[in-house]
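The values are calculated or read from the model by the stated rules, or taken from the named source; none is laboratory data. Computed from a prediction, not measured in an experiment: that's the story for all the values here. Ideal geometry is used to build each Cβ from the backbone, glycine not excepted, and the neighbour counts take in all protein chains shown.
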Amino acid sequence: MQTFANQFRFDEYGFPVDRSHNAAYIPRANFDTMLWSVVTVFQILTGENWNVVMMDGWRSSGWSAVLYFVSLVVLGNFIVLNLFLAILLGNFDESNDEERDAEREALKRRSRVAPANQSSRREMSSRREFEHRSSTQETEESRSRTRSRSNLTAARSRREAITSPSNIFDDHHPVSARRQSSSFINKRLGLHRSLFILALDNPIRKTAMKLLLHPHFDNLSLALIIVSTIELAIDNPLSPPDSLLTTTLSWFDLVLTVLFMIEIVVKVIAYGFILHKGAYLRNSWNVMDFAITAVAAFFMFQGNSQFKFVKTLRTFRALRPLRMINRNPGLKLVVSSLIASIPQIVNVIMVCLLVFMIFSILAVNNFKGKFYSCQGDVFDALASAQQAFIISPRAWTNLTVVEQDWFKNAPTEMIERAFWSEGGLTSRDMCFLFGATWAKTIPQNFDNVIHGIQTFFEMTTTEGWVTIMLTSIDATEIDMQPIPNYRERWAFFFIAFILVGTFFVMQLFVGVVIENFNNMKEKLDGTYLLSHIQREWLNINEAMLNLRPVRKLKAPFHMTRRALFRIALNPILEISITGCVLLNTVFMAMDYFGEEDLYETGLNYLNYFFSAIFALEATVKIIGLGKYYWKDPWNIFDFAVVHGTLFGMIYQIFGGSSVGAAASTVRSFRVGRLFRLVHSAPSLRQLFNTLLITLPSLANIGGLLFLVFLIYAAMGVQIFAKVKFGELITSTANFQTFGRALITLVRCATGERWNDMMYELANQEDCEPDPPYNPNSCGITTDIDCVPMNGCGSPVAFIYLYSFTLLVTFILLNIFIAVILEGFAKEKDREDGYEAFVNMWSTFDPEATGFLEWHVLPSFLATLEPPIGLGGNLRPCSKDIQDFVGTPQSIFIHG
């Protein structure tokens with residue numbers, strides 16, 4: 001406020017003017033008073049149009065204002081507000097630890113009912129067993145340390161298995177089902193007859209079973225699903241009805257549906273239908289396959305029916321890609337974890353609805369029917385006195401002759417109704433007298449509780465919440481024109497909702513999604529009931545399997561190479577090169593448009609100088625390290641950057657070109673030098689490695705996210721392809737083609753005006769419900785003089801985009817955060833302990849054989865901290881070493 005008070009004043013062209021300028025434009029986001037300073041700062045913290053406020057500050061106060069706004073966003077938005085999520089996740093961890101402890105205690109109490117002789121055996125070996133012996137069902141029957149070790153091995157292997165809580169017999173497990181023997185399948189199926197007719201030894205059932213067990217059966221099924229997905233993406237309501245493409249797609253759809261029906265029939269013959277254990281519909285994934293195929297079959301038999309119900313049912317064909325989940329283990333684990341998290345997610349949704357309900361009731365009582373205003377071209381053309389009269393109408397007898405003359409063309413009945421009605425004078429009636437339009441100020445409203453809940457849900461995404469707040473502040477009474485800042489203090493009501501509804505409740509939702517997803521994933525892979533120490537050991541065990549010994553480099557015998565070898569390994573060289581990279585980055589950032597020739601020449605020579613230094617460094621390392629230089633991926637990357645830069649510079653100098661492809665190539669390789677900082681800085685390397693180790697898990701979630709985008713894009717094309725263009729539905733953002741639909745959904749996933757687009761997709765005013773095919777319509781033809789598409793929207797848009805926002809923005813994208821957080825924790829542990837292990841191993845095993853002599857083992861273990869080593873014991877006894885090496889549980893005894 002002290003810096004920007006009364007500074008945000010601009011003329012009609014956007015240039016800053018003095019505060020005394022009478023006709024100056026003042027943005028609603030300003031720092032003129034304490035109230036609006038608080039509101040503006042809070043708006044910036046939420047990220048809603050914060051860059052617009054920053055540009056106003058830049059225009060009025062100079063570029064130094066940027067420092068204030070950027071620091072506010074970084075400190076307030078990126079750090080402080082994210083502490084909400086960190087605190088919530090920390091509380092979840094504590095509650096989950098208590099829950100795990102309670103479940104472990106329950107399993108321990110249950111295990112005490114075993115016979116006395118078994119209890120005594122377990123008691124005698126308790127020091128060598130994990131504190132938790134019930135991580136799997138077999139653990140209750142464990143008899144020795146060997147069995148305890150196998151339990152951890154089983155838990156580790158279950159991390160890669162796909163297990164669904166509701167599946168009794170997964171007949172399509174893509175990893176293991178094809179490898180199961182017929183006797184095993186017979187044992188699982190029991191003696192049940194398929195369809196009450198076909199026994200296990202029936203030739204037809206045996207043939208069906210052999211077909212299902214064929215290694216290429218799943219591959220063929222997956223290929224058909226992919227073909228079906230491609231056909232779904234090509235299909236478009238705007239295609240000519242009688243074209244070859246439409247006919248071909250119809251036949252493809254028919255053939256694929258028949259093939260999917262044949263697949264179901266084969267499985268029903270093999271496993272039975274539903275009534276006995278192991279039957280086809282006893283598998284939840286098969287239920288989904290059956291439902292999708294049934295919808296496709298129904299549509300196939302209905303043909304080209306014009307019934308609206310059948311056309312609506314056609315959109316459900318977009319669910320076909322979901323069948324891929326059953327064929328992919330990674331996707332199956334993610335979806336199973338999400339499904340198992342639904343109860344907790346529903347609980348927090350109920351909390352959200354309760355908060356929305358409370359705020360909605362308050363908003364409805366104060367703002368119902370008040371989000372309307374006089375608007376349109378006629379209103380904009382009115383004189384300021386006429387617009388003021390609409391805001392504050394007066395009785396006819398109090399009007400001057402000039403004011404009465406405003407309505408000389410209006411019908412007498414309308415004048416009488418406006419000025420002498422029992423309801424009194426309203427802005428709405430005056431608006432109609434002037435011939436203007438009385439309409440909604442914004443699409444959102446608080447006319448009833450349902451609309452209020454919808455509006456507050458949109459505000460939780462922080463998209464457009466400032467517009468809703470300003471509309472509420474300007475609202476006066478029902479059928480009265482809004483007045484700017486009429487009720488300013490209501491701003492705190494909406495700030496309170498953002499604090500409670502977005503920063504707390506929705507962050508609670510995010511926390512529940514992340515924590516329950518991780519818990520369900522651990523339960524499915526068998527690690528949920530492991531204690532913290534046991535999970536730490538399991539992670540270490542897995543990490544050790546991926547570690548490789550590092551060979552100690554030996555200095556060359558040649559004098560020159562030996563000297564260069566020492567220089568290459570000297571830490572001073574790495575520090576110097578890092579400094580050169582930073583300086584070179586600064587000089588590259590000094591380039592700007594319109595620079596003088598001398599200035600540009602100086603920067604070029606500086607870049608040549610740094611390029612020579614980097615080339616000299618590469619030469620020193622290649623000569624000094626020899627073949628070991630090429631065994632480090634970072635050295636290969638440095639070599640590529642250096643030589644790419646040199647080749648570009650040579651081409652630029654001798655080719656006589658300073659612009660175009662050559663200059664772009666040189667600049668691209670120069671920027672690549674920044675990646676060297678990742679290798680040099682441990683913190684940056686940790687973040688980079690986090691990205692690498694989370695890629696497999698992110699690939700699974702990314703695959704599921706892509707499936708969701710694909711399904712919603714296909715459904716959007718079928719529902720909204722004919723919707724007319726508006727402010728947001730344009731030639732570049734629409735659902736007329738599958739590709740455009742994907743891009744539009746990506747935009748909605750970022751939250752950029754997704755709610756305004758939703759209202760345009762639902763608009764049913766001034767449009768045609770279902771326009772017939774017209775080859776001259778825009779979207780079908782690219783001619784300049786095409787006929788604009790004039791199709792109506794559908795109320796389905798609310799369900800469509802509300803569900804998309806909830807599923808993508810609040811659930812799937814936050815699971816990305818969960819995976820990255822987990823990867824960061826693992827990488828931090830690896831950086832802290834595993835590198836020390838590798839480095840120390842190379843000291844005792846310089847040739848990287850992977851083996852240590854028994855006599856050096858005590859010294860090796862004594863140098864490493866628990867749980868990897870013994871730590872503290874300089875010469876531990878051989879029995880301790882034998883126990884430590886022989887059984888993994890000894891780690892916990894010594895640690």
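Tabulated results
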{"read-out": "Test: residue in region 486-506 that is more than 26 Å from Ala29 (Cβ to Cβ) and either in contact with a strand residue (DSSP E or B) (Cβ under 7 Å, 6 or more places away or on another chain) or not assigned by TED's automatic domain parsing to the domain that holds Val39 (or both)", "value": "no"}
{"read-out": "Members of region 1-50 that are in a loop (DSSP other than H, G, I, E, B) and of a type in the set (Gly, Ala, Ser)", "value": "Ala5, Gly14, Ser20, Ala23, Ala24, Ala29, Gly47"}
{"read-out": "Single unsatisfied condition, Phe614 versus (1) free of Cβ contacts under 8 Å to residues at least 12 places away in the same chain; (2) under 17 Å from Leu573 (Cα atoms)", "value": "(1)"}
{"read-out": "Any hit, region 418-426, residues being in contact (Cβ under 8 Å) with a residue 24 or more places away in the chain, in contact with a helix residue (DSSP H, G or I) (Cβ under 8 Å, 6 or more places away or on another chain) and over 21 Å from Thr476 (Cβ atoms)", "value": "yes"}
{"read-out": "The lone exception for Gly655 - which of (1) at pLDDT below 75; (2) buried (at least 17 other Cβ atoms within 10 Å of the Cβ) it fails", "value": "(2)"}
{"read-out": "Selection status of Leu564, among the aliphatic types (A, V, I, L, M), outside the structural domain of Ile622 (by TED's automatic domain parsing) and under 23 Å from Ser680 (Cα atoms)", "value": "no"}
{"read-out": "Scope region 407-431; condition of a type in the set (Val, Ile, Thr) and more than 25 Å from Asp380 (Cβ to Cβ); matching residues", "value": "Thr412"}
{"read-out": "Unmet criterion (only one of (1) modelled with pLDDT of 95 or more; (2) more than 24 Å from Leu812 (Cβ to Cβ); (3) buried (at least 17 other Cβ atoms within 10 Å of the Cβ)) for Val449", "value": "(3)"}
{"read-out": "Residues of region 191-223 that turn out to be exposed (fewer than 12 other Cβ atoms within 10 Å of the Cβ), at pLDDT below 85 and not aliphatic (A, V, I, L, M), as a count", "value": "3"}
{"read-out": "Residue among Met758, Met789 that alone is modelled with pLDDT of 90 or more and assigned by TED's automatic domain parsing to the domain that holds Leu728", "value": "Met758"}
{"read-out": "Any hit, region 517-535, residues being among the acidic types (Asp, Glu) and either at pLDDT below 75 or under 30 Å from the mean Cα position of the chain (by Cα) (or both)", "value": "yes"}
{"read-out": "Residue check for Val268: surrounded by fewer than 17 Cβ atoms within 10 Å (Cβ to Cβ) and either modelled with pLDDT of 90 or more or touching an Asp or Glu at 6+ places or on another chain (Cβ under 9 Å) (or both)", "value": "no"}
{"read-out": "Hits in region 469-479 (condition: surrounded by 21 or more Cβ atoms within 10 Å (Cβ to Cβ) and in contact with a helix residue (DSSP H, G or I) (Cβ under 6 Å, 6 or more places away or on another chain))", "value": "Met469, Ser472, Ile473, Ala475"}
{"read-out": "Scan of region 333-370 for residues that are hydroxyl-bearing (Ser, Thr, Tyr) and in contact with a Leu (Cβ under 9 Å, 6 or more places away or on another chain), ordered by number", "value": "Ser336, Ser337"}
{"read-out": "Looking only at region 4-32, and only at residues there that are among the charged types (D, E, K, R) and free of Cβ contacts under 8 Å to residues at least 40 places away in the same chain, the one that is nearest to Val66 (Cα to Cα)", "value": "Asp32"}
{"read-out": "Residue list for region 723-737, restricted to those being surrounded by fewer than 20 Cβ atoms within 10 Å (Cβ to Cβ) and either polar (S, T, N, Q) or closer than 16 Å to Tyr712 by Cβ (or both)", "value": "Thr730, Ser731, Thr732, Ala733, Thr737"}
{"read-out": "Residue check for Pro788: of a type outside the set (A, V, I, L, M) and in contact with a Lys or Arg (Cβ under 7 Å, 6 or more places away or on another chain)", "value": "yes"}
{"read-out": "Only one of Leu259, Leu232 that is touching a residue at least 24 places away in the same chain (Cβ under 8 Å), hydrophobic (A, V, I, L, M, F, W, C), in a helix (DSSP H, G or I) and within 19 Å of Leu710 (Cβ to Cβ)", "value": "Leu232"}
{"read-out": "Meets criteria (in contact with a Cys (Cβ under 8 Å, 6 or more places away or on another chain), in contact (Cβ under 8 Å) with a residue 12 or more places away in the chain and of a type in the set (Phe, Trp, Tyr)) for Trp438", "value": "yes"}
{"read-out": "Residue match in region 785-794 (condition: closer than 26 Å to Phe503 by Cβ, in contact (Cβ under 8 Å) with a residue 40 or more places away in the chain and surrounded by 14 or more Cβ atoms within 10 Å (Cβ to Cβ))", "value": "no"}
{"read-out": "All positions within region 662-689 that are modelled with pLDDT of 75 or more and of a type in the set (Val, Ile, Thr)", "value": "Val671, Val678"}
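Conditions tested, residue by residue: (1) of a type in the set (Val, Ile, Thr); (2) touching a Cys at 6+ places or on another chain (Cβ under 8 Å).
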| position | (1), (2) |
| --- | --- |
| Asn763 | no, yes |
| Cys767 | no, yes |
| Pro775 | no, no |
| Cys792 | no, yes |
| Ile820 | yes, no |
| Phe824 | no, no |
